[in-house]
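Chemist: Have a look at this one before I ask anything.
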Amino acid sequence: MATVKSPLLSLPGAVPAEGTDEGVAAHYGDLFREQRALAAGKGLVDLSHRGVVTVTGDDRLSWLHLLLTQYMTDLPAGQATEALILSANGHIEHALYLVDDGTTVWAHVEPGGAPALIAYLESMKFFYRVEVADRTDDIAVVHLPAGSIATTPEGAAVRETAYGRDLFLPRAELEEYAAVHGPPAGILAYEALRVEGHRPRVGFETDHRTIPHELGWIGTAVHLQKGCYRGQETVARVQNLGKPPRRLVFLHLDGSEVHLPGPGTPVRLASDGQDGRQLGFVTSSARHHELGPIALALVKRNVPLDAELMAGETAAAQETVVEP
């Protein structure tokens, strides 16, 4: 799938993002200024590289209820939620950030993730009255931070959460909307605040064997009081036994290091040094305008809560996200 390139990359100072977030700006010249603006409820974030999927039809909520980890049957119009699609073994495959506007369920997913998600949904339609569509080419996602006074365009679907509003905006209107409600902040500022908020992201905090309990997605994206869905057996077993093999941690990194430890960097006990046994790995790292260098990591469940860690060659103090 070709990368959708945002028109906001033509703005002065825009530096293109790389990797998964290719297609939008990493920053517009001042990472920390952009972070501070978002924390103050100002500006917006261009998430137009994310996939957009819609589900319409009379059976849309009851049908999604059978497939997703979230309770969907009675979802009120306008109420934001998030949900996962799991493999048969309970491993995370997709995370959907959802809202129903009364006639259509709107969801945004990871960049490039829409085709695989739609292929799965289409295979599960059977006799249900639903239509699934990939709207990535004509709809752009724009994030407004919590506290923003920016207006929502008439007719645009909106997800409102504690972290802000996600707008599903016609792609043709993106440039004009940003000119009125900017200045925009780059994806690096958005990611720094995501890491600070301990919010996992598919493809970053997940690998081929990640289960929801490891990332703290129980409650926010997984409803424990609902009927059968693919992978539920794993969720129920871990919930009853209380022993996920790994747990997400937040790391305060030593600020004297020039380079951030990248995804996959081994995590070890500081007392064991570089030759010690690997206990986990960094999943995301960022430079925060107040906290300095920070990261999320997946570590073995039995790593002591007060253990001093090393992320590669960088000293790291851990903060509990998921209890062992």
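Chemist: For the range 274-302, enumerate the residues that are open to solvent by less than 40 Å² (accessible area, probe 1.4 Å) and without any contact (Cβ under 8 Å) to a residue 40 or more places away in the chain.
Modeler: As a first pass, look at the range 274-302 and keep what is open to solvent by less than 40 Å² (accessible area, probe 1.4 Å): 276, 279-280, 282-286, 288, 292-299.
Within the range 274-302, Gly276, Leu279, Gly280, Val282 qualify.
Chemist: Among the helices (runs of 4 or more DSSP H) lying completely within the range 152-254, list those that include at least 2 residues that are aliphatic (A, V, I, L, M) and under 23 Å from Trp106 (Cβ atoms).
Modeler: The helices (runs of 4 or more DSSP H) meeting that bar are 174-181, 187-196.
Chemist: If you take the residues in the range 159-195 that are of a type in the set (Lys, Arg) and open to solvent by less than 20 Å² (accessible area, probe 1.4 Å), which one is nearest to the chain's Cα centre (by Cα)? Break it down stepwise before answering.
Modeler: So in the range 159-195, the residues of a type in the set (Lys, Arg) come out as 159, 165, 171, 194.
Next, only the ones that are open to solvent by less than 20 Å² (accessible area, probe 1.4 Å) stay: 159, 194.
Working: Arg159: 14, Arg194: 8 Å.
Only one residue tops the list, namely Arg194.
Chemist: In the range 94-111, which residues are touching a helix residue (DSSP H, G or I) at 6+ places or on another chain (Cβ under 8 Å) and either part of a loop (DSSP other than H, G, I, E, B) or over 18 Å from Thr161 (Cα atoms) (or both)?
Modeler: Correct list: His94, Thr104, Glu110, Pro111.
Chemist: Identify, from the list Gly227, Gly264, the residue that is within 20 Å of the chain's Cα centre (by Cα), over 14 Å from Pro293 (Cα atoms) and in contact (Cβ under 8 Å) with a residue 12 or more places away in the chain. Let's see the steps before the verdict.
Modeler: Working: Gly227 fails: within 20 Å of the chain's Cα centre (by Cα).
That would be Gly264, the only listed residue that is within 20 Å of the chain's Cα centre (by Cα), over 14 Å from Pro293 (Cα atoms) and in contact (Cβ under 8 Å) with a residue 12 or more places away in the chain.
Chemist: Which one of the conditions (1) assigned to a strand (DSSP E or B); (2) within 17 Å of the chain's Cα centre (by Cα) does Val132 fail to meet, given that it meets all the rest?
Modeler: For Val132, the exception is condition (2).
Chemist: Condition test on Gln239, is it touching a residue at least 24 places away in the same chain (Cβ under 8 Å) and exposed (fewer than 14 other Cβ atoms within 10 Å of the Cβ)?
Modeler: Working: touching a residue at least 24 places away in the same chain (Cβ under 8 Å): yes; exposed (fewer than 14 other Cβ atoms within 10 Å of the Cβ): no.
No.
Chemist: If you go through the range 196-222, how many residues are acidic (Asp, Glu) and surrounded by fewer than 17 Cβ atoms within 10 Å (Cβ to Cβ)? Let's see the steps before the verdict.
Modeler: Within the range 196-222, the first condition is being acidic (Asp, Glu), and the residues that meet it are 196, 205, 207, 214.
In the following step, the residues that additionally are surrounded by fewer than 17 Cβ atoms within 10 Å (Cβ to Cβ) were identified as 207.
The qualifying residues number 1.
Chemist: Next up: Of all residues being open to solvent by 30 Å² or more (accessible area, probe 1.4 Å) and either acidic (Asp, Glu) or within 24 Å of Gly164 (Cβ to Cβ) (or both) in the range 72-93, which is modelled with the lowest pLDDT? Just the residue, please.
Modeler: Only one residue fits best here, namely Asp74.
Chemist: Can you find a residue that is among the β-branched types (Val, Ile, Thr), touching a residue at least 40 places away in the same chain (Cβ under 8 Å), open to solvent by less than 60 Å² (accessible area, probe 1.4 Å) and farther than 23 Å from Val24 by Cα anywhere in the range 122-133? Reasoning before the result, please.
Modeler: Residues of the range 122-133 that are among the β-branched types (Val, Ile, Thr), as a first pass: 130, 132.
Narrowing further to those that are touching a residue at least 40 places away in the same chain (Cβ under 8 Å): 130, 132.
Of the ones still in play, those that are also open to solvent by less than 60 Å² (accessible area, probe 1.4 Å) are 130, 132.
From what's left, farther than 23 Å from Val24 by Cα: 130, 132.
Yes - at least one qualifying residue is present in the range 122-133.
Chemist: Of the conditions (1) outside any loop (DSSP other than H, G, I, E, B); (2) in contact with a Pro (Cβ under 6 Å, 6 or more places away or on another chain); (3) loosely packed, with under 14 Cβ neighbours inside 10 Å, Ser271 fails just one. Which one is it?
Modeler: (2)
Chemist: A further question follows. State whether the residues of the range 260-267 include one that is among the hydroxyl-bearing types (Ser, Thr, Tyr), open to solvent by 10 Å² or more (accessible area, probe 1.4 Å) and not in a loop (DSSP other than H, G, I, E, B). Spell out the reasoning first.
Modeler: Of the range 260-267, the ones among the hydroxyl-bearing types (Ser, Thr, Tyr) are 265.
With the extra rule that they be open to solvent by 10 Å² or more (accessible area, probe 1.4 Å), the set shrinks to 265.
Still in the list and also not in a loop (DSSP other than H, G, I, E, B): none.
No, the range 260-267 has no match at all.
The values are calculated or read from the model by the stated rules, or taken from the named source; none is laboratory data. Bear in mind that the values here come from a model prediction, so they are computed numbers and not experimental data. Ideal geometry is used to build each Cβ from the backbone, glycine not excepted, and the neighbour counts take in all protein chains shown. The accessibility values were calculated without ligands, DNA or RNA, using every heavy atom of the protein model including side chains. Shrake-Rupley method; radii C 1.70, N 1.55, O 1.52, S 1.80 Å.
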